[in-house]
Structure formats: C-alpha cells, structure tokens
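A short write-up of the structure that comes next.
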Amino acid sequence: MTPEQFRGLFPALGQWAWLDTPGAPPGAAPVTEVLRSTLDDWATGLFDWSDWDHAADHARTEFAAYAMVPPSHVSSLGSLSEAFTTVLSGVHQGNIVVAADEFRSVLFPAMARGRADTVNVRVVERTPGRSRTEDLLAAIDRSTALVAASEVITLDGERVDIEQLADAAHAVGAQFFANLTQTMGVLRTDLSNLGADFTAVHGYKWMLCPRGTTWLVGDPAGTWNPEPLAPSWKTTGPPEHYFGGRYQVAQDATRWNTSPAWFSWIGARAALKLLTQLPARDVADHCLHLADRFTAEATDLGFRSRNNGRRSHIVTIDPPEGITLQPASLTAQHVKATLSDGGFRAGFHYFNNIADVDAALQVLRSSITGHEQG
C-alpha cells in the first residue's frame, strides 16, 4: 500500500494536516466502520457477547504474528501502566533505573515499586547536551535489577538505543523493559530480535487502535515470573470458568491478561489487519524523511530541536527567543499538532506528506511574522 492509498483511508485528512499522532491519530475508516457496525449490533441486539469477548484473544494472536513473536509470549491489557506494573511485581530487590523525564506511565509505576523496603529507584537526572541513552547507560551497575525506557517520548523525540541498553542491563544480570508505544507500527514491527526481556505497546497511537488496547510481551518461562496485576477468569488459561475453584494462573503469558474492554479490541483487530498491509521498511523511511525535512527547514527558521540523541519520526522544537507560538496559528493553517511547554511537537505517520510539512512550517513562519509586525 502506498502512502497515498493509506492516506485515503482517513477522512479527517481532507480537512487537517494531522501531525498529532503522538497524542492520538485520526480514525482510519476500516477501524471506525467496524466500530459503527458493532454499535449498531449492540443497539439492535444482533450480537453475541461471547464473540465480542474473544476479540482480545484474537487480537493477541494477530499482534504476535505482526510482531513476529510467539503467541504464548503475548498478553492483553488495558494500559501501559498496567503492563509495567505487572512486570515490576517481579522486582524483589535491587535498583530500578529510569530517566527522570520518562513518561509517567513508566516513571510512576517504578516510583511506586520503589516504596518496597528492598527495592530502590534510581531516577536518572538528565545531563544538558547528552542523550537519554548516555545518561541511562552511566547509571547501570551491579546493583541494578531492572532498567526501563521508552524508545521514544514526545518530550523531545529522541530515539533511545534499546538494543544497547538491553545489552548493558544483561551484562550486570538485570532485566530490561521497553515501552514501544511511540514507535511500534512505524519504526518498529518485528520484535523477534529486540533484546528486551519485556516489551509493552499501547496501540492507540501509531498502531491506530482504540484506546484501551495494550500488549505485554515477555517469556513466561523466563528468569522472572511476574504476578498478574488483577487475577480473574482471564488469567487462568483455557478452559475459562466463571465461578468457584482453586487459584491458578495460565502457563503462558495470558496469565498477565486483564479483563478486556470489548469494543476497543474489536477495533484493534481491524487496525492490525490494516497495518499488516503496509511495507514496514517504506513506512519507517517515509516517516523519517518527513521528520528530517521538517527539522531542517525549522532549524533554518531559527527553531531548535530538543533532541540530543538519535532522530525519530517525532520532532519537538523550541522557537527563537521572543517568539511565542499561538494555538490560533495552527487552526488558521488547519494543522493538528501540540504546543508543549512553549515548543511545537509534530509526529509523522505513513499517511503524512510534504504538504503537511509545508503547513507546519507555515505555522512557524506566521509566528515569526506576527512577532516582527508586533
């Protein structure tokens, strides 16, 4: 599927230059159509709730095929913080290493686990001018039990070196947790050789799913054996039973499941079907090219990228001194993007094109022109 064909599946793109996928993408027609159909079935009573209830498990196995990992290593949960909190139950002593500016759905679960008497959290303060990868690597030592990092966070768009961090963690006998919520579906698809012991992806961003669809990938026969966050009839493995019985958990990764929000997982299946039609290498190249083009031209205008490490498809830039970006300038150019702490954040998916880059640059130019005229 070409970028133009993919773009044609998003009705909102007829009106907007959509650069806010780091927050949420527009709805893809195959996903919104299946959700509308599901709502119609709910309204008319033409549904079988047991079919809906199986959607999460079908999506789990479909994600496994997409990510090239064994289905037995994949569980389905509702959020990133649920997934990481599950992993953290396996930490009983030692240090958890996490960046101070990490996304809170990773940072706060780590801090909460650090309240245990035998577990400490090493919150790594950022060094000006250094990459997040460098700072995390410097904090790993023999006391480290777990290192946690998001491959990309939208604060600056830096792409952390997941493989290097995983190798450093393993060298001291620690485990590594990777959050790929901001890269899976665009810069990542194949997880088979990632190197992380546990990987989590909330699919509501670059994977185009409804919110509430998260996958946790880990070997249930590995060194750690995390406990289910919320044990239920969904954590026992087949056959499912509703009432009574002794406590048990599944032998595979479904032991970490949480009870699914049906409609979200129905939408996730449609999104996965769409994603499997995209050429993974072309997607990554296309998105990085647009991000590079935007960064270069914004720099020429006097804006400064916040990224001190490897580039990604997400760019956050700060304006020259004295320039203030106004939300009204985005609306005037029909641009969907986020203004964050005075900066401008843009994210480029396969459906974006050069016209979207130009629209974003016009927002920047208008802010400079407005300042000069003022």
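Okay, here's what the table says:
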quantity: Helices (runs of 4 or more DSSP H) contained entirely in region 19-78, each with at least 1 residues that are outside the structural domain of G343 (by TED's automatic domain parsing), in contact with a Ser or Thr (Cβ under 7 Å, 6 or more places away or on another chain) and surrounded by 14 or more Cβ atoms within 10 Å (Cβ to Cβ); calculated: 55-67
quantity: Filtered residues of region 232-269 (kept if part of a helix (DSSP H, G or I) and touching a Leu at 6+ places or on another chain (Cβ under 8 Å)); calculated: A253, W256, F263, I266, G267
quantity: Pick from region 251-269, criterion over 18 Å from the mean Cα position of the chain (by Cα) and among the small types (G, A, S), ranking: nearest to T61 (Cα to Cα); calculated: A253
quantity: From the options F294, F303, F351, residue that is under 30 Å from R130 (Cβ atoms), among the aromatic types (F, W, Y) and touching a Gly at 6+ places or on another chain (Cβ under 9 Å); calculated: F303
quantity: Residue that is nearest to E158 (Cα to Cα), among those in region 197-229 that are in contact (Cβ under 8 Å) with a residue 24 or more places away in the chain and of a type in the set (S, T, Y); calculated: Y204
quantity: Residue check for V357: of a type in the set (V, I, T), crowded, with 16+ Cβ neighbours inside 10 Å and in a strand (DSSP E or B); calculated: no
quantity: Residue pairs meeting the criteria (Cβ under 7 Å; at least 6 apart or on separate chains; first assigned by TED's automatic domain parsing to the domain that holds W256 and crowded, with 23+ Cβ neighbours inside 10 Å, in region 80-97; second small (G, A, S) and at pLDDT below 95); calculated: I96/G114
quantity: Qualifying residue in region 304-311 (condition: without any contact (Cβ under 8 Å) to a residue 60 or more places away in the chain and either outside any loop (DSSP other than H, G, I, E, B) or basic (K, R) (or both)); calculated: yes
quantity: Single unsatisfied condition, Q277 versus (1) surrounded by 15 or more Cβ atoms within 10 Å (Cβ to Cβ); (2) in contact (Cβ under 8 Å) with a residue 40 or more places away in the chain; calculated: (1)
quantity: Filtered residues of region 282-323 (kept if within 26 Å of the chain's Cα centre (by Cα), surrounded by fewer than 18 Cβ atoms within 10 Å (Cβ to Cβ) and of a type in the set (S, T, N, Q)); calculated: N308
quantity: Residues that are under 16 Å from S143 (Cβ atoms), without any contact (Cβ under 8 Å) to a residue 40 or more places away in the chain and part of a loop (DSSP other than H, G, I, E, B), drawn from region 161-196; calculated: V172, G173
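The values are calculated or read from the model by the stated rules, or taken from the named source; none is laboratory data. Since the model is a prediction, treat every value here as computed from it, not as a measurement. Neighbour counts are summed over all protein chains in view; Cβ atoms, including those assigned to glycine, are modelled from backbone coordinates with ideal geometry.
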